[in-house]
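Here's the structure, in structure tokens; my notes come after.
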Amino acid sequence: NLGDCRVETLRPTADVSANWIAVPTTAGNWRHVADVSTSVSSYIQTSLAGTRDLYTVGDMSFVPVTVYAVVPTFLTQKVDAGSLPVRSVIISGAETTVGSAVAPFLSVLAWNQSIFTQNPDGATGWTYSTVNALQLGIETI
């Protein structure tokens, strides 16, 4: 039992590397990723394996005693033939870790999450400072 907990959603605030294509083509892939609607009028896409989009996120609004996990969440949809699995990516300090691969379904919107209970940079727990400094994103495999 964790007792009383608080969940805070941090959204992308800037591109670190924008390698996917934004639709519509406006400045900043992060703007499409930060959009909380399930509308398919604003999104990022790629048909190339091995491409990664990375973002910085906003700072936490409070200093927690304990950070139990970082949980990247993204919405996927497959729009053409072929298999192109995707997964979440977190970079903390000099270390990178990836989530479980998911294969999007044709014409079906699906939410995907990976739970990271440890900071990959040192394999220790997350802190206010390490969460605020992380980069996160999505990549194709």
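The values are calculated or read from the model by the stated rules, or taken from the named source; none is laboratory data. All values reported here derive from a predicted model rather than from experimental measurement. Note: ideal-geometry Cβ built from the backbone for every residue, glycine included; neighbour counts use all protein chains shown. Side chains included, ligands, DNA and RNA excluded: accessible areas come from the protein's heavy atoms. Shrake-Rupley method; radii C 1.70, N 1.55, O 1.52, S 1.80 Å.
At a glance:
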quantity: Any hit, the stretch 89-98, residues being outside any strand (DSSP E or B) and surrounded by 13 or more Cβ atoms within 10 Å (Cβ to Cβ); calculated: no
quantity: Set S107, S114, S83, S92: member being among the small types (G, A, S) and closer than 17 Å to V40 by Cβ; calculated: S107
quantity: Conditions (1) open to solvent by 60 Å² or more (accessible area, probe 1.4 Å); (2) under 14 Å from the mean Cα position of the chain (by Cα); number of the one not met by D59; calculated: (2)
quantity: Selection count where residues are polar (S, T, N, Q), outside any loop (DSSP other than H, G, I, E, B) and within 27 Å of T117 (Cα to Cα), scope the stretch 32-81; calculated: 3
quantity: Which listed residue, of A49, A27, A34, is open to solvent by 60 Å² or more (accessible area, probe 1.4 Å) and over 24 Å from G82 (Cα atoms); calculated: A27
quantity: Residues (among the β-branched types (V, I, T), open to solvent by less than 60 Å² (accessible area, probe 1.4 Å) and free of Cβ contacts under 8 Å to residues at least 40 places away in the same chain) located in the stretch 66-84; calculated: T76
quantity: Subset of the stretch 96-141 (residues that are in contact with a helix residue (DSSP H, G or I) (Cβ under 8 Å, 6 or more places away or on another chain) and among the charged types (D, E, K, R)); calculated: D121
quantity: Condition broken by N19, with the remaining ones in (1) surrounded by fewer than 17 Cβ atoms within 10 Å (Cβ to Cβ); (2) more than 23 Å from N119 (Cβ to Cβ) satisfied; calculated: (1)
